[in-house]
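Visitor: Structure in structure tokens, see below.
Every read-out reported here was derived from the displayed coordinates using simple, explicitly stated rules and does not represent laboratory data. Just so it is clear, the model here is predicted, and its values are computed rather than measured. Note that each Cβ is placed from the backbone with ideal geometry, even for glycine, and that neighbours are counted across all protein chains shown.
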Amino acid sequence: MSVPRFTLYSRSYCHLCSDMAAALEVARRGRDFQVDVIDLEDHPELEARYGDLVPVLVLGGREVFHYHFDATLLEAALAAHETPDRPAQPAEFG
């Protein structure tokens, strides 16, 4: 099984983005996953897509949550990644 690789869409001046990045670093201490941080200021096409939703955490092209870190939704995303044959349930992610 591959290590889950999340993408965090962020902005350098966003305090919620900094808070989420810090919470993800703490969560990584207990779980094996990676986080790539993408600054929307450098990607106009992503800015158009995510706009005011940042921070946005994505796994496999699917939004996990935005604005605030949610440990329950993070665990649901990790569990879904670990069992890819199981159909995703709409209520699993935010």
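Visitor: If you line up the long axis of helix 15-28 against the longest principal axis of the chain, both from Cα atoms, how many degrees apart are they, to the nearest 10?
Guide: 30
Visitor: From the alpha carbon gyration tensor of the chain, can you work out the equivalent ellipsoid semi-axes (sqrt of 5 times each eigenvalue) and give them in Å, largest to smallest? Each step should come with its number before you reach the end.
Guide: Numbers: eigenvalues 96, 44, 28 Å².
Value: 22, 15, 12 Å, ordered largest first.
Visitor: Taking Cα atoms, how many degrees apart are the long axis of helix 71-82 and the longest axis of the chain, rounded to 10 and kept between 0 and 90?
Guide: 60
Visitor: Rounded to the nearest 20 Debye, what is the dipole magnitude of the chain about its Cα centre when Lys and Arg each give +1 and Asp and Glu each give -1 at the C-beta? Before the final figure, lay out each step's value.
Guide: Values: 8 positive and 16 negative charges, 54 e Å.
So the magnitude is around 260 debye.
Visitor: Determine the percent antiparallel among the DSSP beta bridges restricted to the chain, to the nearest 5. Each step should come with its number before you reach the end.
Guide: Details: 8 of 14 bridges.
Just about 55 percent of them are antiparallel.
Visitor: Which residues in region 60-85 have a backbone N closer than 18 Å to a point placed 7 Å from the Cα of Val37 along the Cα-to-Cβ line?
Guide: 65-70
Visitor: OK, next. For Glu25 and Glu75, calculate 0.36 nm times their separation in residues minus their Cα-Cα distance, and state this gained length in nm to one decimal. Numbers along the way, then the final one.
Guide: Details: separation 50, 0.36 × 50 = 18.00 nm, distance 1.42 nm.
Length gained, Glu25 through Glu75: 16.6 nm.
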